[in-house]
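Worksheet: the structure to be examined is printed underneath.
The values are calculated or read from the model by the stated rules, or taken from the named source; none is laboratory data. For clarity, every value in this text was computed on a predicted model and none was experimentally measured. Neighbour counts are summed over all protein chains in view; Cβ atoms, including those assigned to glycine, are modelled from backbone coordinates with ideal geometry. Keep in mind that these areas ignore ligands, DNA and RNA; they rest on the heavy atoms of the full protein, side chains included. Shrake-Rupley method; radii C 1.70, N 1.55, O 1.52, S 1.80 Å.
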Amino acid sequence: MAASVAARERGWLRKLTSGMMLVISLASHSPQASEIPPPAYQLAAQQAGVPSPVLYAVALQESGTQLNGRIVPWPWTLNVAGRAERYATRQEACAGIRRALSRVKVTRIDVGLAQINLGYHAHRYKAHCEVLDPYRNLAIAGQILHEQHRAGQDWLLTIGRYHRPAGGAPAARYRHSVSQHLVRLFDPDLSLSSNRSSAP
């Protein structure tokens, strides 16, 4: 059973990576082409009613790591009391969560692609390791972004509130970092202030 789970996870990561490489390869042939978010991000964003580039850029900021010369979100990433931990498999990351819970408060642990805080978002899941599931993690991140968005408001403000709902300097710094991903990876003319709630 564990072997089949590990094989499925490796397959998911291979598909994600190969899909991203194909998109990057296709985009590189056209000077005006932009990278589009992988299908999992598009689906989660559509279901939540948020722009998929916003969700993808947040994941890049939260769990991005170098892979084959590109920055990609890494699903088995934890942040424990401000320290990043990356694991090779979901099982290892789950064990990392259990170890972290034995030494720090649950509100000091962020998990997965979009770094969902286990304490502040405990009402969104049943078991801690459930949040490591890439699809579940993106669904929760999409819900949070949707809840933080105000109609007609710039999505960059929403992005800042995703990181820190109270706003202030930490939210501004986070907005700046995520906006750099948006500019680097996507069409610089992408509108983040339209009234549309979904832009796959």
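Here is how the numbers come out for the structure above:
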| read-out | value |
| --- | --- |
| All positions within segment 72-105 that are among the hydrophobic types (A, V, I, L, M, F, W, C) and open to solvent by less than 50 Å² (accessible area, probe 1.4 Å) | V72, W74, W76, L78, V80, A81, A93, C94, A95, I97, A100, V104 |
| Any hit, segment 54-66, residues being open to solvent by less than 30 Å² (accessible area, probe 1.4 Å), modelled with pLDDT of 95 or more and over 17 Å from H181 (Cβ atoms) | no |
| Test: residue in segment 154-170 that is polar (S, T, N, Q), loosely packed, with under 15 Cβ neighbours inside 10 Å, in contact (Cβ under 8 Å) with a residue 12 or more places away in the chain and under 22 Å from P51 (Cα atoms) | no |
| Restricting segment 141-153 to residues that are in contact (Cβ under 8 Å) with a residue 60 or more places away in the chain and under 15 Å from R124 (Cα atoms), the residue that is surrounded by the most Cβ atoms within 10 Å (Cβ to Cβ) | A141 |
| Candidate set from segment 30-48 (those that are of a type in the set (G, A, S) and over 13 Å from A141 (Cβ atoms)); member that is surrounded by the fewest Cβ atoms within 10 Å (Cβ to Cβ) | S30 |
| Counted residues, segment 88-140 - those being closer than 22 Å to A45 by Cβ and touching a residue at least 60 places away in the same chain (Cβ under 8 Å) | 5 |
